[in-house]
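These notes are about the structure you will find just below.
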Amino acid sequence: MSRLMKMAIVSGTTLVTTIAALSGSAGAQADSASIRAGRQLADTQCAQCHGVDRKAQSTNPAAPAFEDVANVPGMTATALMVALRTSHQSMPNIIVQGHDAENIIAYILSLKRTP
């Protein structure tokens, strides 16, 4: 392999690694911003019934605490999106859409306990 080809491979690999690292850190910042926004929405729209903080008890016995929801085995963002868009007998008909739903979901999933 020629010296020029080796330099091209090393440069390409460095570029790809740098882009991956930068996009990962940007994603982490977006995630923390989503979690903060979701927490604020949860406080204003959900805390009347649900325990929204870690270890918080729900004021309504029919409304599970967000930490409990996050730790249901197999809980995913998709499952939470379906839950938010499905009416429940014991839940008021609150419409949470778009980024608000994504942010609340990010906050709920941030409450998952790590093994």
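Residues within the reach of a label modelled at residue 60 (point 7 angstrom out along Cα to beta-carbon, backbone nitrogen below 20 Å), restricted to region 73-94, are 80-94. Working note: Karplus 6.51/-1.76/1.60 with θ = phi - 60° gives region 76-92 the couplings 10, 4, 5, 4, 5, 4, 4, 4, 5, 9, 10, 6, 10, 4, 8, 10, x Hz, where Gly and Pro are set to x.
FYI, it's all coordinate maths here, none of it is from the lab. Bear in mind that the values here come from a model prediction, so they are computed numbers and not experimental data. All Cβ positions, even for glycine, are placed from backbone atoms using ideal geometry, and neighbour counts span all protein chains on display.
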